[in-house]
1. Which numbered condition in (1) free of Cβ contacts under 8 Å to residues at least 12 places away in the same chain; (2) closer than 17 Å to residue 145 by Cα is the only one that residue 419 fails?
2. Which residues, counting only those in region 447-475, are over 25 Å from residue 129 (Cα atoms) and either assigned to a helix (DSSP H, G or I) or at pLDDT 95 or above (or both)?
3. Is it true that some residue in region 192-205 is of a type in the set (Lys, Arg) and touching a strand residue (DSSP E or B) at 6+ places or on another chain (Cβ under 6 Å)?
4. Anything in region 415-434 that is more than 22 Å from the chain's Cα centre (by Cα) and either modelled with pLDDT under 95 or surrounded by fewer than 18 Cβ atoms within 10 Å (Cβ to Cβ) (or both)? List them, or say none.
5. Given the residues 483, 501, which is the only one that is free of Cβ contacts under 8 Å to residues at least 24 places away in the same chain and of a type in the set (Asp, Glu)?
6. So which residues in region 362-384 are in a helix (DSSP H, G or I) and in contact with a helix residue (DSSP H, G or I) (Cβ under 7 Å, 6 or more places away or on another chain)?
7. Looking at 274, 335, 262, which is the one that is out of contact with any strand residue (DSSP E or B) (no Cβ under 8 Å at 6 or more places or on another chain), in the same structural domain as residue 84 (by TED's automatic domain parsing), surrounded by fewer than 20 Cβ atoms within 10 Å (Cβ to Cβ) and modelled with pLDDT under 95?
Amino acid sequence: MKTAIKIVTTVLLAFLAGGAAKTPKPPPEITPIHITGNKFFHENGTQFFLKGIAYQRQVPGHQHSGFAEIPKGYVDSLAHPELCLPDIELLQQLHVNTIRVYQVDPDQSHHECMSALAEAGIYVLVDLSAPNSAINRAHPSWHTELLGRYKAVVDNLHTYNNLLGFIAGNEVVTGTHDSGAAPFVRAAVRDTRRYMRQQGYRPVPIGYASNDDEATRIPSLQYFTRASESSSAIDTDNDGDRGITDFYGINMFEWCGYSTFATSGFRARTVEFASSPVPVFLSEFGCTSVRPRPFTETEALYGVEMAQVWSGGVAYELFENANHHGVAEEVPNGAVHKLGEFDVLSQRYRMAAPRGQSEEDVRKALHRAPLPPPPPLQSTTWAASAELPPTPSEEKCRCVGEMLSCWPQRAIDPFASPELSVEKRALYDKVCSEVDCGKVEADGSRGQYGELSGCAPEVRLAWAMSKQARKGRGGAGDLSESDVCTISGGIFESKVSPSPDCSNLVGDLFAERSLVETSAVGELSQPKLQAPVHFSQPPTLGKKRTGNWTHFDPWESKAVKTKFSWWSLALLFVG
């Protein structure tokens, strides 16, 4: 009854206020969570464990709702009090203290929902990316459009005390073949954290959520939580920030049905993650190979076996959809009905009483703790370089855009992804087979980043097309620059002379050698065209939907991983 009164009061106050343009200060009842060592803590020094659930509605079923964010490819429940306020009562019945939200719309207010969640004692973990604005593991780059999105989300939410943290990437690295994308995620962590410092914001923790790939599980943990002192990523421009994460999540679905701590693989993972210098938790859990799910993994997760290493976890997920992981179902009239697993998870969370450590004890232990192992060296299973991409320069990229004359066809959709479409990627590959594109390319495996590699993908394509047009003019038939541009499928735009400021900032726009790291331009690997992944493709049902909300293959399926590796466990004990 008290909760209902609070919710009604929140709605009435917001209505009377007419909706504030700027985010007001949140209610004072809840205090921020901070990190000491590898643990989360309340302000009073007691350890914080996540008892969480993934909270994200799907667009199917809401495509006609008229929500402003629908054209962007997602539903932002935290922007709609008519959705979130009734949901909070369900969340309280689940006994959760944390929700993970995969997308928020930075153009909308979240004050009513965030305030109501704070009053209910619920913290929020927010992914910074969105379905059409994320680091593309197939062709990774860290560019101005993504940095702008991340900054906007930070601006929108940083004032809320119940903001637990930001996630800079979710399963961007899925295996050995795309581990070269990891430097771009660390650059995102670095630049987002730097932005918060520059703005004087609360230092909200920033982390990464990995998948549970056997080959890259440990190298990924080490890469994102430890940095080489010799890396030139330590520079004055970024205040010495090397982009290591403040926390680390793993989406792990190894415990199925009535498994055990030993046979599920949880024991092996606990040994492997025990040396993490930052808090670790299960950013998704809830295997569906046995239904209904008994969620018996919570007994180990919040028990003596794991609580010394892990900071809890986030069950996947609240709302039922095509992946069949939900514990509640939204029906056409907008009501939400509890499914059979709802009460099971509620009971598990209610009974969970992890025994934490005091912050004082953790501080004392930090002085005695041995140094963690160094980050992984590049190998056949881990390709990521210690060299990170430079911070994208919005001013320089704006100048470049003003100086280019040959552009690809512009997208009509104002919410289209800043990444290149399959057709434009093919055009880019073709053009760059004819001209040197080293100035706009990035290679996270070699640690080589062109001077303009931080510009938006479309700007980089326009740079390549403009260079090709300049190179091809005067050829057979006395072609003009405009002719070459048109033949290549571009649109020619006459440009006036750039301003002196832009000329000084950009310099020689088409210089041949302009890599940030010293190496032959010709050694930069060309991206390979991959088959498109359609967002409407149905997921492969089974253990888990690996399609996540923050990278470009939202419905990619995952094979069931090896449950337990005695060999890896033995190596850890011996080592």
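1. For residue 419, the failing item is (1).
2. Correct list: 463, 464, 465, 466, 467, 468, 469, 470, 471, 472.
3. Within region 192-205, one or more residues are of a type in the set (Lys, Arg) and touching a strand residue (DSSP E or B) at 6+ places or on another chain (Cβ under 6 Å).
4. Selection gives 422, 423, 424, 426, 429, 430, 433, 434.
5. Going through 483, 501 in turn, just one is free of Cβ contacts under 8 Å to residues at least 24 places away in the same chain and of a type in the set (Asp, Glu): 483.
6. Correct list: empty.
7. After applying the criteria, what remains is 335.
Every residue, every condition in (1) outside any strand (DSSP E or B); (2) more than 20 Å from residue 42 (Cα to Cα); (3) among the hydrophobic types (A, V, I, L, M, F, W, C), yes or no:
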residue	(1), (2), (3)
289	yes, yes, no
295	yes, yes, yes
298	yes, yes, no
312	no, no, no
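The values are calculated or read from the model by the stated rules, or taken from the named source; none is laboratory data. Treat the numbers as computed from the prediction; the structure is a model and nothing was measured. Backbone-built Cβ (ideal geometry, glycine too); neighbour counts: all protein chains shown.
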